[in-house]
Amino acid sequence: MDTSRTRVKICGITRLTDIQAAVAAGADALGFVFVPASRRSIKVETARELVGRVPAFVQTVALFSDPSVDWVEMVVDQVGPDLLQFHGSESGRFCRQFGRPYIKAISADLDEAARESVLKDHYTARGFLLDSHALSGLGGTGHTFDWSRWPREAGPGRRPWILAGGLSPENIADAVASLAPYAVDVSSGVEEAPGIKSADKINAFIRGVGHARDQQQGD
């Protein structure tokens, strides 16, 4: 696993201008929320149009929370995301049935035994996202969790950890320098309003990620 660079996902995309800003800044992935209760939820028709404008080598991610099988299948069929992201209490069996690679969100409040149970159940997940709001499926609150709970597991067979929850241009350099995550996932921290991103904040955020890793490699 390459840990020399921290990947960046900008989540809660709802507009073409925000796709363009994120891609220009160097984002690795863009997230589209298919959770009706979320303020960043997007319609299938709109998502299909936006995903069609995402250039090569930038992944598109569809986010769900305890969805129905039919809902996920419709999004996969009509939108065609590269990756699925599950934020609820979905089982590994549920997540594996859609013919798409996926990542699973895990609440930072889980103890080690409960976390290991989720990892075992989701043995095909491409990665795990640690977020204090993972079980609510909504996120985007701007609240961080206690970073001392960040997993330190490593070794053969371990999937990468993705850091989420309350990240912003102001704290991302500290987060990356302290935890060295494989990837970070940001939504509200780069917004002007729910679902409305700020190009300036996106640029500042991604610069912060790069600066922190450059500092680590120089030490």
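Within segment 13-38, track down each residue that is modelled with pLDDT under 95 and touching a strand residue (DSSP E or B) at 6+ places or on another chain (Cβ under 9 Å).
Within segment 13-38, S38 is the sole residue that qualifies.
Can you confirm whether segment 157-170 contains a residue that is modelled with pLDDT under 80, of a type outside the set (A, V, I, L, M, F, W, C), farther than 17 Å from L30 by Cβ and surrounded by fewer than 23 Cβ atoms within 10 Å (Cβ to Cβ)?
yes
Output the residue which, of all residues in segment 28-50 that are touching a helix residue (DSSP H, G or I) at 6+ places or on another chain (Cβ under 7 Å) and in contact (Cβ under 8 Å) with a residue 40 or more places away in the chain, is farthest from A183 (Cα to Cα).
Across segment 28-50, the extreme among qualifying residues is F34.
Based on what the data block shows, is A24 loosely packed, with under 14 Cβ neighbours inside 10 Å and not in a strand (DSSP E or B)? Lay out the reasoning, then the answer.
Numbers: loosely packed, with under 14 Cβ neighbours inside 10 Å: yes; not in a strand (DSSP E or B): yes.
Yes; evaluated as a whole, the condition is true for this residue.
Examine segment 126-147 for a residue that is touching a Phe, Trp or Tyr at 6+ places or on another chain (Cβ under 8 Å), closer than 23 Å to D28 by Cα, modelled with pLDDT of 85 or more and assigned to a loop (DSSP other than H, G, I, E, B), and state whether such a residue exists.
Yes; the residues of segment 126-147 include at least one that is touching a Phe, Trp or Tyr at 6+ places or on another chain (Cβ under 8 Å), closer than 23 Å to D28 by Cα, modelled with pLDDT of 85 or more and assigned to a loop (DSSP other than H, G, I, E, B).
Restricting to segment 6-21, count the residues that are part of a helix (DSSP H, G or I), under 18 Å from R48 (Cβ atoms) and hydrophobic (A, V, I, L, M, F, W, C). Steps first, please.
The initial filter retains those residues of segment 6-21 that are part of a helix (DSSP H, G or I), namely 16-21.
From what's left, under 18 Å from R48 (Cβ atoms): 16-20.
With the extra rule that they be hydrophobic (A, V, I, L, M, F, W, C), the set shrinks to 16, 19.
Count: 2.
Quick one: in segment 81-107, of everything that is part of a loop (DSSP other than H, G, I, E, B) and in contact with a strand residue (DSSP E or B) (Cβ under 8 Å, 6 or more places away or on another chain), which residue is surrounded by the most Cβ atoms within 10 Å (Cβ to Cβ)?
Top of the filtered list is H87.
If you go through segment 28-64 one residue at a time, how many are within 16 Å of L83 (Cα to Cα) and part of a loop (DSSP other than H, G, I, E, B)? Don't jump to the end; show me each part of the working.
Step one: of segment 28-64, the residues within 16 Å of L83 (Cα to Cα) are 28-35, 44, 47-48, 50-52, 54-64.
Next, only the ones that are part of a loop (DSSP other than H, G, I, E, B) stay: 28, 34-35, 52, 54-58.
Result for segment 28-64: 9.
The values are calculated or read from the model by the stated rules, or taken from the named source; none is laboratory data. Only a predicted model underlies this, so the values are computations on that prediction, with no experimental measurement involved. Note that we place each Cβ from the backbone using ideal geometry, even for glycine, and neighbour counts take in every protein chain shown.
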